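Taken together, the values in this text are just the output of simple stated rules run on the coordinates, not laboratory data. Bear in mind the structure is a predicted one, so any value in this text is a computation, not a measurement. All Cβ positions, glycine included, derive from the backbone under ideal geometry; neighbour counts span all protein chains shown.
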Amino acid sequence: MPPRDEQDYEQRRQQIIDGALEVFSAKGFDGASNKEIAEAAKIGSPGLIYHYFKDKVDLLHQVILTRMPLIELIDTTSTRLDLDLPPEVLLPELISNITRVLQSELTIALMKVVLSESMRNRRVAQMVNEVGPGRALRLMAGYLERQMDAGRLRRTDPHVAARILVGPIIAYSLTRFVFEQPEAEGIDPELMVRETVMSFLQSMAP
């Protein structure tokens, strides 16, 4: 067991992350004040936040890293991904999992925060890319390249192929859950997954 003071430090740190998650989700990054975060975290002073985090961007980083369901899915996939499973077996489940996670209220709320702040703050954009999209796309490209080497997919740039596969699901999720387009709301998620994977496999047939 770590010393008691370390336990207390980590417990307080997690309280602040939870408080920031609540306020960021409700008010966005700019609209979230340190006072509101401190109140949500049930800590005495807003100034205490900077005892645990370098600044507000560092706090957002930790919220995304430890609380966003999509990051948890990427972490799980990176440790359990079987690179030798054929694409017709692995991709339907993987794309279905991505679509499911993108539908969660928490993911949607944090996506809105991240998209808004990334447009204005290059540091946030780089940070988010490194823990999320960039890592996920590299992981996907590595798997697809392995399948190309095995002759199961036609040879092309695996990073292009990864974006061709994931792009429609990202577009669907953004238009349905962030922009709330009526047309997108009428599309069944399972149908979207099935058609995306089928189209990709047909286009990538060796």
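Brief remarks on what is shown
- Percent RCO, i.e. relative contact order, over the range 122-206, from Cα pairs under 8 Å lying at least 6 residues apart: 30 percent
- Listed by chain and number, the aspartates and glutamates whose C-alpha is less than 19 Å from the C-alpha of LYS56, apart from same-chain residues fewer than 8 away, are GLU10, ASP18, GLU22, ASP30, GLU36, GLU39, GLU117, GLU130.
- Estimated distance in nm for a label pair at GLU130 and ILE170, the labels positioned 7 Å out from Cα along Cα-to-Cβ: 1.9 nm
- Folded to 0 to 90 degrees: helix 189-203 orientation relative to the chain principal axis, Cα: 50 degrees
- The chain: relative contact order as a whole-number percent, Cα under 8 Å and 6+ apart: 19 percent
- Estimated 222 nm signal from helices in the chain, with DSSP H stretches of n ≥ 4 weighted -39500 (n - 2.57), rounded to 500: -24500 deg cm²/dmol
- For the chain, the fraction of alpha-carbon pairs in successive 5 Å shells from zero, as %: 1, 7, 14, 16, 16, 14, 11, 8, 6, 4, 2, 0, 0
- Between helix 133-149 and the chain: long-axis angle, C-alpha atoms, 0 to 90°, nearest 10: 20 degrees
- Sorted by Cβ neighbour density within 10 Å, fewest at the top, the residues SER45, SER25: SER45, SER25
- Spin-label model, GLU183 to HIS51: label points 7 Å out along the Cα-to-beta-carbon direction sit 5.4 nm apart.
- Cross-link reach is defined here as a Cα-Cα straight distance under 17 Å, omitting same-chain residues fewer than 8 places apart; for LYS54 the lysines meeting it are LYS35.
- Qualifying trypsin sites (Lys or Arg not before Pro) for the range 1-65 [loop in DSSP, other Cβ within 10 Å: at most 16]: LYS42, LYS54
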